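Everything on this sheet refers to the single structure shown next.
The values are calculated or read from the model by the stated rules, or taken from the named source; none is laboratory data. On a predicted model such as this, the values are computed, not experimentally measured, just so you know. We place every Cβ from the backbone using ideal geometry, glycine too, and count neighbours over all the protein chains shown. Calculation scope for accessible area: heavy atoms of the full protein, side chains included, ligands and nucleic acids excluded. Shrake-Rupley method; radii C 1.70, N 1.55, O 1.52, S 1.80 Å.
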Amino acid sequence: MHTNHHRHRHGHRLRSCPDFFVPDKPSFKNVVFKMPPADQTLKLDPTPSRSSSSSRSPSPSRAFGHDATALLSDELLLRILSAVRGSHLVSIGLVSKRWLRLVDRLRRSLTLLDWSFLAGHSRRLTARFQELTDVDLVPAAFRPLSSSSPVILTRGRYSLQMDPLSSHSVGDLPLLDSQAINNGLDVLGRGCPALQRLCTVAPLESEFGLATVALECATLQALELHRCTDTALRPISAFKNLQILRLVASVDGLYAGPGVTDIGLTILAHGCKRVVKLELGGCEASFDGISAIGRCCAMLEELTICDDSKMEGGWLAALSYCGNLKTLRLQSCRNVVSLAGPMEHLGCCPTIERLLLLRCQLRDKTSLKALFVVCEYVKEIGFHSCWGLDNDMFSISSILRRVKLLSLEGCSKITTEGLESVILSWKDLQSLTVVSCNSIKDDEVSPALSGLFSILKEFKWRPDSRNRNGEERRKVFQETAWLNINCSERLCLPPLPFKRMLVELKLNLGQMLKVDEKAHNFVLLDVIKKYRVSFFIVGGSS
């Protein structure tokens, strides 16, 4: 009796437990994923998934341990889970097998860390995540270590384990062979037809993997190829809707490849005519390759050059063939441009409106001037952490007469005087950003420069990154007009954009007077009587 009773209790407890899924090891150890915002396209299924008899509420006696969500359809649960934040969906997927399957259907972006998760016998990636739109395969393309290592190499957005006893040096890490990469791309292309962005290592020998992705994933719009070569670009014409393309031939500290020459760029130009954004990293391009892109890719609007150490001289002159180019970005360039031939033969690209220099080494004035001559009509220019950018180099930018927006970040050699000499010559300047430029001092701002600050539409002033009062100083420049005047001078201020403005007058005699201006015209009678000087504040808006 005791045994039967024990069995009865044990069976009842098993029947009342829900179908929980408890993994033996942490899930997702070989993937890193990002969750998209709430998906508003999911629709409720109008057909009932269960009979009316199964829709009855459970009795209170059996409410504990009963899975109430079992009465809900998958479509309704997807609608509910799509409103949950991505950070909470990780734990939600551990509730049960059904919830894990639903969470996998919501996942759109994934970074692969283990190649066997994609191209193994189970093909778990495409079996679980069939609606992926963004996949990064680069971290998994490096050969895994036989044992875990405490040494981590971080380069950009990638962090890889390194074997300190390995014969491979830093900068030449081993990658998977071309056959394995092609097999993985073939599985991914057939299993994820809704793919829109792909980041992968290009195979060196065969291209059937990229060809499968191009044929199966008709909606692919962005492609990033690492260790890219000329032969890897042969199937590029099969990507019918490709608009964003990034070619990385080599990355310092990770790997080195054969590179992309003018031959590969010519193949790209004839096969990918709808590209809008193009980035070339570590490529061996010259005038012929860039000019071919300019002639064939009529929709190209943004061009980025990364690491120009292998770029041949003369490529800058080819920008004149880019008839629709709007943005030119130079990133981590050591020479900026290698001028080949006289400057008169450079030409000009009048469509370029935005010029950005990020972490570039500016050494030669002639080359920098050639860059500004080609980009003569730019309206926005930015210098971010550029080495060698001092007052003399920055003064060359005064030849750009149509600048409306200037951004300076991390340029510690530019002084207040050098900044003033350039921006006062730009009559159309509307926006100014100065961040972490430690040689620019607040107390060195001249009256002319402060007057320019007061009429800007957008103004961000934080030159000294070590100054805690930077926010207060920016408010002072926006609300205060600083004037240094002589005792025998008659002065009229320019139109003031503020309805109520605190005007601070610093006299050469050492006295200071603050006036709270409320009217359009104001005369300092006391100063006139004492110092025989006339002051007029005109044009203030009411």
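Do we find that Ala214 is open to solvent by less than 30 Å² (accessible area, probe 1.4 Å), free of Cβ contacts under 8 Å to residues at least 60 places away in the same chain and touching a Lys or Arg at 6+ places or on another chain (Cβ under 7 Å) in this structure? Criteria not met by Ala214.
Pairs are defined by a Cβ separation below 9 Å, a sequence spacing of at least 6 or placement on different chains, a first member in region 174-192 that is under 13 Å from Ala127 (Cα atoms) and in contact (Cβ under 8 Å) with a residue 24 or more places away in the chain, and a second member that is basic (Lys, Arg) and open to solvent by 20 Å² or more (accessible area, probe 1.4 Å); the pairs so defined are Val187/Arg123; Gly191/Arg123. As a summary of the residue check, Leu357 satisfies the conditions (1) open to solvent by less than 10 Å² (accessible area, probe 1.4 Å); (2) within 26 Å of the chain's Cα centre (by Cα); (3) farther than 23 Å from Met311 by Cβ except for the one numbered (3).
The selection criterion, being farther than 16 Å from Leu118 by Cβ and hydroxyl-bearing (Ser, Thr, Tyr), holds for Ser237.
Evaluate the following for Ser206: is it more than 19 Å from Asn241 (Cβ to Cβ), modelled with pLDDT under 90 and of a type in the set (S, T, N, Q)? Yes; evaluated as a whole, the condition is true for this residue.
Within region 172-183, take every residue that is at pLDDT 90 or above and part of a loop (DSSP other than H, G, I, E, B) and give me the one that is surrounded by the most Cβ atoms within 10 Å (Cβ to Cβ). This residue is Leu176. Taking (1) in contact with a Gly (Cβ under 9 Å, 6 or more places away or on another chain); (2) open to solvent by 50 Å² or more (accessible area, probe 1.4 Å); (3) at pLDDT below 95 in turn, Gly282 satisfies each apart from (2).
So that you can scan it fast, the table gives a plain yes or no per residue for (1) farther than 24 Å from Leu160 by Cβ; (2) in contact with a Lys or Arg (Cβ under 9 Å, 6 or more places away or on another chain); (3) in contact (Cβ under 8 Å) with a residue 12 or more places away in the chain; (4) buried (at least 17 other Cβ atoms within 10 Å of the Cβ):
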{"site": "Glu75", "(1), (2), (3), (4)": "yes, yes, yes, no"}
{"site": "His88", "(1), (2), (3), (4)": "yes, no, no, no"}
{"site": "Ser91", "(1), (2), (3), (4)": "yes, no, no, no"}
{"site": "Ser96", "(1), (2), (3), (4)": "yes, no, yes, yes"}
{"site": "Val103", "(1), (2), (3), (4)": "yes, no, yes, yes"}
{"site": "Leu106", "(1), (2), (3), (4)": "yes, no, yes, yes"}
{"site": "Leu112", "(1), (2), (3), (4)": "no, no, yes, yes"}
{"site": "Ser122", "(1), (2), (3), (4)": "yes, no, no, no"}
{"site": "Leu125", "(1), (2), (3), (4)": "no, no, yes, yes"}
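Scanning region 184-211 for residues that are of a type in the set (A, V, I, L, M) and open to solvent by less than 10 Å² (accessible area, probe 1.4 Å) yields a total of 7.
For region 388-428, the set of residues classified as more than 21 Å from Cys349 (Cα to Cα), aliphatic (A, V, I, L, M) and outside any strand (DSSP E or B) consists of Leu389, Met393, Ile414, Leu419, Val422, Ile423, Leu424, listed by residue number. Restricting region 429-460 to residues that are within 23 Å of the chain's Cα centre (by Cα) and closer than 13 Å to Glu409 by Cβ, the residue that is surrounded by the fewest Cβ atoms within 10 Å (Cβ to Cβ) is Lys460. With respect to (1) among the aliphatic types (A, V, I, L, M); (2) under 25 Å from the mean Cα position of the chain (by Cα); (3) farther than 19 Å from Thr261 by Cβ, the lone exception for Leu316 is condition (3). Take Lys277 and decide whether it is in contact with a Leu (Cβ under 8 Å, 6 or more places away or on another chain), surrounded by fewer than 20 Cβ atoms within 10 Å (Cβ to Cβ) and within 27 Å of Leu175 (Cβ to Cβ). Here the answer is yes, as Lys277 does meet what is asked. Taken over region 285-328, the residue count meeting the criterion of being charged (D, E, K, R), within 28 Å of Leu405 (Cβ to Cβ) and free of Cβ contacts under 8 Å to residues at least 40 places away in the same chain is 4.
Scanning region 317-336 for residues that are closer than 23 Å to Asp364 by Cβ, open to solvent by 10 Å² or more (accessible area, probe 1.4 Å) and out of contact with any strand residue (DSSP E or B) (no Cβ under 6 Å at 6 or more places or on another chain) yields Ala317, Ser320, Asn335. Of all residue pairs spaced 6 or more apart or on separate chains, those with beta-carbon atoms under 9 Å, a first member in region 239-264 that is open to solvent by 20 Å² or more (accessible area, probe 1.4 Å) and a second member that is of a type in the set (Phe, Trp, Tyr) are Val251/Tyr158; Asp262/Phe287. Kindly provide the set of residues from region 379-412 that are open to solvent by less than 20 Å² (accessible area, probe 1.4 Å), within 26 Å of the chain's Cα centre (by Cα) and aliphatic (A, V, I, L, M), ordered by number. If the condition is that a residue be open to solvent by less than 20 Å² (accessible area, probe 1.4 Å), within 26 Å of the chain's Cα centre (by Cα) and aliphatic (A, V, I, L, M), then Ile381, Leu389, Val403, Leu406, Leu408 are the ones that fit.
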